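For reference, the structure is listed below as structure tokens.
The values are calculated or read from the model by the stated rules, or taken from the named source; none is laboratory data. Quick caveat: nothing in here was measured; it's all calculated off a predicted structure. When we count neighbours, we look across all protein chains shown, and the Cβ atoms used for this are built from the backbone with ideal geometry, even at glycine. Please note that ligands, DNA and RNA were not included when accessible areas were found on the heavy atoms of the full protein model with its side chains. Shrake-Rupley method; radii C 1.70, N 1.55, O 1.52, S 1.80 Å.
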Amino acid sequence: MQTGFGSSVERPRLLSVGSPPRQDSGRHPSPHRRVNLAGVDLNLLVALEALLAERNVTHAADRVGLSQPAMSRALGRLRGLFDDELLVRSSSGLVPTARSEQLAAELPEALNMLRTLLASRETAPGSWEATVNIDLPDHQALDLLPRLLPRLREAAPGVTVVTAPLGTRTLRALESGGVDLAVGQLRTTPFGFYRRTILTDRFVCLLRAGHPALQGGTAEAQSLSGLRHVAIAPPALEEPGLVYDAVAMLEVPDPSPVVVQNTMAAAMLVAETDMVLTIPRRTATRIARMLPLAITAPPAPLPAYELSLVWHERLHRDPNCAWLRGELAASLAPAAGPSAGKAGAHPLAGAA
């Protein structure tokens, strides 16, 4: 038999139950012996649990689905592992040794910890406590968070959401664990990411109520084209990269628009001037309920605004994150239109 010190020696054959007692060699186990778990069959602990409960080899074998000879061999290996007889003959049958009684007190907790470790990781949302980091553009935060947070407050009150701007750092942060989810648009991504389309929106224009370009609640394309536009800049120090947002990159007719850092600042500016702001319809509708603004069609057709939920494969099988992804998509679904939510989760390739 191979020992833990690398030399090969013949170990004395372990005696089965009922054999004559061994002579005490005077050798006693060290109380601090370090066991190499790589060389331990953890199934032996299940056999030990049955042996300690039944104190009968045949009954213990039936309990765990082994044959009687297999359980006898397991007992022999256990005696070698613990350097103790564990169960010895008496006039009334098998009785535990002092070491065996100690194991009987400690083994249930150890096995329960292993069973918990190997069990399903699913937890009820109500007991989930975590801080979830989500990167998203600020105009989507205006639309998403008022829908998502009440759902989380009711179903998972222990979850705190922290948001940050969508930017070129987002993909690296998703990989490293600094960010859990991203909401926005992507040109292309490396392998190892997943994406779910959660809605497709269209662009509209916001003008102040009573704007001279409005005729009967709408504005002519020619009138809008000649107006000064407000544009939303990407986050500070960001450059267009793998992650982008069509609002920040939107080409407006105005050759020199007024550029501001966030959507609410742009909306406030439009509400008090004759300028115009082009943003997705859902966000425009929410802002128009708070400020004296009118919504009208853009002066020329614009591409659709497709919003995606993106995550890294390190969280793909995490049940809590999967539940949160469902809640996020569901929070946008009621007003998202027929095209929202049709796409499932697919790994993203390295090139668009």
Across the stretch 160-182, the tally of residues that are in contact with a Pro (Cβ under 8 Å, 6 or more places away or on another chain) and within 23 Å of residue 130 (Cα to Cα) stands at 3
Taking the stretch 62-86 and the residues there that are within 12 Å of residue 51 (Cβ to Cβ), of a type in the set (A, V, I, L, M) and assigned to a helix (DSSP H, G or I), the one that is nearest to the chain's Cα centre (by Cα) would be 64
Restricted to the stretch 52-65 and to residues being touching a helix residue (DSSP H, G or I) at 6+ places or on another chain (Cβ under 7 Å) and of a type outside the set (Gly, Ala, Ser), the residue surrounded by the most Cβ atoms within 10 Å (Cβ to Cβ) is 57
Checked the stretch 271-305 for anything assigned to a helix (DSSP H, G or I) and open to solvent by less than 10 Å² (accessible area, probe 1.4 Å); matches are 283, 284, 287
Check on residue 152, touching a Pro at 6+ places or on another chain (Cβ under 9 Å), modelled with pLDDT under 90 and of a type in the set (A, V, I, L, M)
no
For residue 89, the lone unmet condition from (1) open to solvent by less than 50 Å² (accessible area, probe 1.4 Å); (2) outside any helix (DSSP H, G or I); (3) touching a residue at least 60 places away in the same chain (Cβ under 8 Å); (4) farther than 19 Å from residue 325 by Cα is (1)
Of 107, 136, the only residue that is in contact (Cβ under 8 Å) with a residue 60 or more places away in the chain and either at positive phi or not charged (D, E, K, R) (or both) is 107
Within the stretch 233-265, the residues that are part of a strand (DSSP E or B), farther than 13 Å from residue 139 by Cβ and either at pLDDT 75 or above or out of contact with any helix residue (DSSP H, G or I) (no Cβ under 6 Å at 6 or more places or on another chain) (or both) are 244, 258, 259
